[in-house]
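Take this structure, written in structure tokens, and hold onto it; I'll ask about it next.
The values are calculated or read from the model by the stated rules, or taken from the named source; none is laboratory data. Computed from a predicted model, the values in this text were never measured in an experiment. So basically every Cβ, Gly included, is an ideal-geometry build from the backbone, and we count neighbours across all protein chains shown. To get the accessible areas, we keep the full protein, side chains included, count just its heavy atoms, and leave off ligands, DNA and RNA. Shrake-Rupley method; radii C 1.70, N 1.55, O 1.52, S 1.80 Å.
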Amino acid sequence: MGNKPDATDDRTSGLPGAGTARPGSRPGVSGPPPSAPARLRAARAAVCAVFFVTGAAFATWAARVPAIQDRLGLSEGQLAVALVGLSSGAFLGLPLVGGLVARYGSRAVLFAGMTVYLAALTGLAFAPDLPTLTVALALFACGNTAVDVSMNTQGVLVERAYGRNILGGFHAMFSLGGIAGAVAGSLAASAGIGTRPHFTVTALVLCVAVAVAATALVPEPQGRTEDAGPLFALPSAGLWIPGLVAFCALMGEGVMNDWGAVYLHDVTGASPGAAGIGFALFSAGMVVGRLCADRIRARTGTVRFTLGCALVAAAGAVVSISVPTTAAGFAGYTLVGLGMAAVIPVVFSHAARLRPERPGPAIAAVSAVGYVGFLAGPPVIGGLAEAVDLRAAMLVLPALMGMMALLSLRLRRH
């Protein structure tokens, strides 16, 4: 598989006619038959909508954290305690959600997860104290985890029916939803709109969008849930390499999210506004990379594509660290965003192809390993910055990308 475009096992597709090969399609890849393009397009649009809604809902919370902190009178330390609920709920639910998807199907888990997710979003605005906020954040994270695994499973099913790579485009919709949610949150805050009406109206609007999209989601293939396996499971041997690639990518993303702007401000002397622009360029690179990923990967294959992503991200990290200026930081952050953008959707797709009979648990297992890196990255940088300095601590980033490059060479279908 290494230097050739990946073959797709479409036997798991729930769309009728998905096993019919198109004339001129790649060998071993089955695509949508001429009789079913409308349904395939509808399914693709529905999954795009779910990804967009998920990103918008999370950004709604993220954009109004200061408002919630002020309303409850929380100190920085108390807010950190509340955020433990967010990270713990997300991490602990991942192995369990994979088993639920295998047993009950991705559509059912998606509906249940989205209900909890959007209800908890509203609950965050009405939490009266720190313990309630922590519980609400844990539920918010659990719902997000269920939605994350099930919507990626849906994306894999639609991708198989199409017979070509489209999962990166779905993740681009998540990023665009995040941008939309952040802009809406900023406008609401500027207009003096409280979090209660903001979150309530947002949850209702997103709920309607999901309800409309739900009618076109892919049904689970018959017989796939009969041998669902254990409800709670850790990654099997063949999934550790994709999991470790996800670990490197998500650890790097966590570092950029929490320390990227701080590095520009403290090391390069950028103003707070300029530091924010640097993070915006990183985010823009993520969106562009995800929009372009599917076509590039179709030409290069998973191994070469992932290797290229790691090298581009590593180059960006080296530029921003070796030349400690704001302009170099802008250029480097853009490259880091481009390089990191599509690693996670590619690894999810690859993991699902390694376990075509159980894509949901495979995605959940890889996510669980990757999320350890996402949680570990920011505190590791903080500890190293205390021991040495922030510029030296950020060398972890190119080291992670180098490790990801080496691991990508072992992304082979077994």
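Rounded to the nearest 0.05, what FRET efficiency is calculated for A214 and A328 with R0 set to 51 Å and r the Cβ-Cβ distance?
0.65
Could you give the nm distance between label points at A399 and A62, where each point is 7 Å from its Cα heading toward the beta carbon?
2.6 nm
Quick one: work out Rg over Rh on the C-alpha atoms of the stretch 231-379, Rh as Kirkwood radius.
1.03
Still on this model: Work out Dmax and Rg for the stretch 84-147 from the C-alpha atoms and quote the Rg first, both in angstrom.
Taking only Cα atoms of the stretch 84-147, I get Rg and Dmax of 11.9, 37 Å.
Can you list the HN-Hα couplings for the stretch 132-142, worked out from phi with the Karplus curve (6.51, -1.76, 1.60; θ = phi - 60°), rounded to whole Hz and with x for Gly and Pro?
5, 4, 4, 5, 4, 5, 5, 5, 4, 5, 4
Where only protein heavy atoms count, and the probe is 1.4 Å, what is the accessible area per residue for the chain in Å²?
Counting only protein heavy atoms, the per-residue value for the chain is 40 Å².
Picking from V149, V380, V369, which is most flexible by a Gaussian network model of the chain using Cα springs under 10 Å?
Top of the fluctuation ranking is V380.
What is the ratio of the Cα radius of gyration of the stretch 100-223 to 2.2 N^0.38 Å, with N the residue count, to two decimals?
Dividing the Cα radius of gyration by 2.2 N^0.38 Å gives 1.18.
In debye to the nearest 20, how big a dipole does the chain give about its Cα centre with +1 on each Lys and Arg Cβ and -1 on each Asp and Glu Cβ?
1520 debye
So what's Rg/Rh here for the stretch 52-95, counting alpha carbon atoms and using the Kirkwood radius for Rh?
Result for the stretch 52-95 is an Rg/Rh of 1.04.
Right, another one. For an R0 of 35 angstrom, estimate the FRET efficiency from the Cβ-Cβ distance between S88 and T200 and round to the nearest 0.05.
0.85
Related question: Stretch A284-L406 to full length: gain in nm at 0.36 nm per residue minus the Cα-Cα span?
That works out to 41.3 nm of additional length.
Could you look at the chain and say what percent of its accessible area is carbon and sulfur, using a 1.4 Å probe and all protein chains?
Here carbon and sulfur together make up 68 percent of the probe-accessible area.
Got the relative contact order for the chain handy, in percent, Cα pairs under 8 Å and 6 or more residues apart?
Relative contact order comes out at 25 percent.
If you don't mind, another one. Over the stretch 313-379, what is the relative contact order in whole percent, taking alpha-carbon pairs under 8 Å and six or more residues apart?
Dividing the mean separation by the residue count of the stretch 313-379 yields 22 percent.
Could I ask something else about it? Among [x] 57, 46, 36; [y] 65, 51, 39; [z] 63, 59, 41, only one was calculated for this model; which label is it, if the read-out is Cα extents along the principal axes in Å?
Among [x] 57, 46, 36; [y] 65, 51, 39; [z] 63, 59, 41, the one derived from this structure is [x].
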